Each structure stands twice: as structure tokens, then as C-alpha cells.
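Below is one structure, written out as C-alpha cells, with a few remarks after it.
The values are calculated or read from the model by the stated rules, or taken from the named source; none is laboratory data. All figures in this text were calculated on a predicted structure; none of them were measured in a lab. Glycine gets a Cβ as well: all are built from the backbone with ideal geometry, and neighbour counts include every protein chain shown. Calculation scope for accessible area: heavy atoms of the full protein, side chains included, ligands and nucleic acids excluded. Shrake-Rupley method; radii C 1.70, N 1.55, O 1.52, S 1.80 Å.
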Amino acid sequence: MTDVAALLVTLQLTDSAFPAGFYTLSHGLEGYAQAGSVTPETLPDLLVDLLRHSVGPADATALALAHNAVRDGDREALHRVDRRLHATKLNRELRRACTRTGHQMLSVARETFGRPGIERFGEDVAAKRSPGTQPVVTGVVAAACGVDVAQAVAGDLFAFSASLVGAALRLRLTDHIRAQRILADAAPVIGEVTAAALSRDLNDLGGCTPVADVMSAGHERADARLFVS
């Protein structure tokens, strides 16, 4: 696959038009907003903290390990990564969001790209041999389509950032111009988090963001919700 072809796959997977269900997620941001724990001024810092301490050590690391497992043809290693990431989601809302978007992405990718590796993993998820978390599905699809692991990880981190900032727009925590500035300022952090994710092994998979977990747990029981997470 040419560099341009791989880039186009990455762009397609991270595009907000790709129907994986990211539009329904706030990644816990709505819980912060309901608790009055985030403001327009602190939103960029929250994004950076989530990238460094939650998404990077957990989701991005799982994506990289899944990509490597597909490259090595190690199906059991792939399942171990998927199960480990699923176990790091400490409340039901996070687990359901992660697998819901993963299953949707997998379904669309099977129809869109038609690669044997994607099809095999789809069969494993359908047979409940693997939970089918979104980052692992992304790693499988990227590897099957010839996308470099670093590009796949960076793309998914950007997709997370764009999704969170998009949720902030709908929660009136930012405006369109400031949203773009937040994403631009996050670029060096995405590079840093990508490099860290590529260096971890399975034993290091998992973030530590207890406040984010509490906010998500509270959001799960909220009387009114705009987002599913």
C-alpha cells in the first residue's frame, strides 16, 4: 500500500462521517459539566490529562498492541489485548461505549474494506471470543489495511480529541474557533502520547484517572443526558 493510500484509510477511519457512533459520546465530559468541574478555560487541560493518563496508557496502547498482534499473526495475543482493555473500563457506561463503538466500527469496516484480517476478527467477536473494543478494532482495521502503527495510533488519538471537543461545542463549553485552537495545541501532546503508547507492553496497559471514572459513573445515573457516555 502506498503512503497516500494508507493516509486515506486513516482519514476515513477518523472522519466524523464514519458511522462508528463517536457522535453520541462525550467521553465523560458531560459528567464533568453536570458537576460543574470543567469550564471553557480548563477544557484544554482536561483534554491533555485524559490523553496522557487515560486514553494514552489504555486505548492507544491497546491499539498499538493489537496492530502488532495482527502483523505477527498472533490471534490469541490480539484477544488478550482486547480482554485487558475491556477490563480497564471500570464502570458499565465506559465498557458499553467502548464495545458499542467497536462493534459498529467493525461492522462498517467489514463491509467497507473487506480484508481477511478484519473478517476473522469479526467472527471472533461474534463468537464472543473477544469483546471487540473500539481501539482494538481500529488496530485490526489499520493493520489489515496496511496503515503504519504510529499513524494509526496518532489518528485515533486525534479522533478522540476531536470527538471530545465536538462534545464541548454541544455542551457550550467552547466555540468553533477555540475548538480548533485546542486541537492545534494538543498536537505535540498527541505526538508524545503516541510515542509512549508504542513503547508499552501488555503489562503496562491501563490508565489511572479516578476523577474521570467518578464523573462517568455519576453521569450513568443522571436524570437527563445528551450523550451516552
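Would you kindly state how much longer the chain becomes between Arg71 and Arg225 on full extension, computed as 0.36 nm times their sequence separation minus their alpha carbon distance, in nm to one decimal? Write out the running numbers ahead of the final one.
Details: separation 154, 0.36 × 154 = 55.44 nm, distance 4.01 nm.
My answer for the length gained is 51.4 nm.
What translational diffusion coefficient, to the nearest whole µm²/s, does region 1-60 have by Stokes-Einstein, given a Kirkwood radius computed over alpha-carbon pairs, a temperature of 10 °C and 1.306 mPa s viscosity?
Numbers: Rh = 13.9 Å.
Once the numbers are plugged in, D ends up at 114 µm²/s.
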Revision key, fill the gap. With Leu7 itself left out, Lys, Arg at +1 and Asp, Glu at -1 over residues whose Cβ is under 15 Å from its Cβ give -4
**Study point:** Degrees between helix 61-72 axis and first principal axis of the chain (Cα, 0 to 90, nearest 10)
**Key:** 10
Review point. If you take the alpha carbon radius of gyration of region 11-123 and divide it by 2.2 N^0.38 Å, what ratio comes out, to two decimals?
Key: 1.19
**Study point:** Share of alpha-carbon pairs per 10 Å distance bin for region 81-157, given as whole %
**Key:** 20, 53, 25, 1
Review point. What number in nm² do you get for region 114-229 if you take the convex hull of its Cα atoms and divide its surface by four?
Key: 9.7
Review point. Can you give the calculated 222 nm mean residue ellipticity of the chain, where each DSSP H run of n ≥ 4 adds -39,500 (n - 2.57) and the sum is split over every residue, rounded to the nearest 500 deg cm²/dmol?
Key: -21500 deg cm²/dmol
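Tell me the trypsin sites (Lys or Arg not before Pro) within region 79-120 that lie in a loop according to DSSP and have at most 10 other beta-carbon atoms within 10 Å.
Details: sites: Arg80, Arg83, Arg84, Lys89, Arg92, Arg95, Arg96, Arg100, Arg110, Arg120; in loops: Lys89.
Filter output for region 79-120: empty list.
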**Study point:** Option label - percent of Cα pairs over 30 Å apart computed here, alternatives (1) 28; (2) 22; (3) 18
**Key:** (3)
Study note, to complete from the structure: Rounded to the nearest 10, the angle in degrees between the Cα long axis of helix 116-126 and the longest principal axis of the Cα atoms of the chain comes to 60
Study note, to complete from the structure: Ignoring ligands and nucleic acids, Arg129 exposes an accessible area, probe 1.4 Å, in Å² to the nearest 10, of 120
Check your understanding: What part of the accessible area of region 99-229, given as a whole %, is carbon or sulfur when the probe is 1.4 angstrom?
Key -> 52
Point to revise | Helix axis angle, 176-198 relative to the chain longest principal axis, alpha carbon, degrees | key: 40
Exercise for review: Using only protein heavy atoms and a 1.4 Å probe, report how much of Asp201 is accessible, in Å² to the nearest 10.
Suggested key: 80
Review point. When the Cα centres of region 36-114 and region 16-30 are compared, how far apart do they sit, in Å?
Key: 13
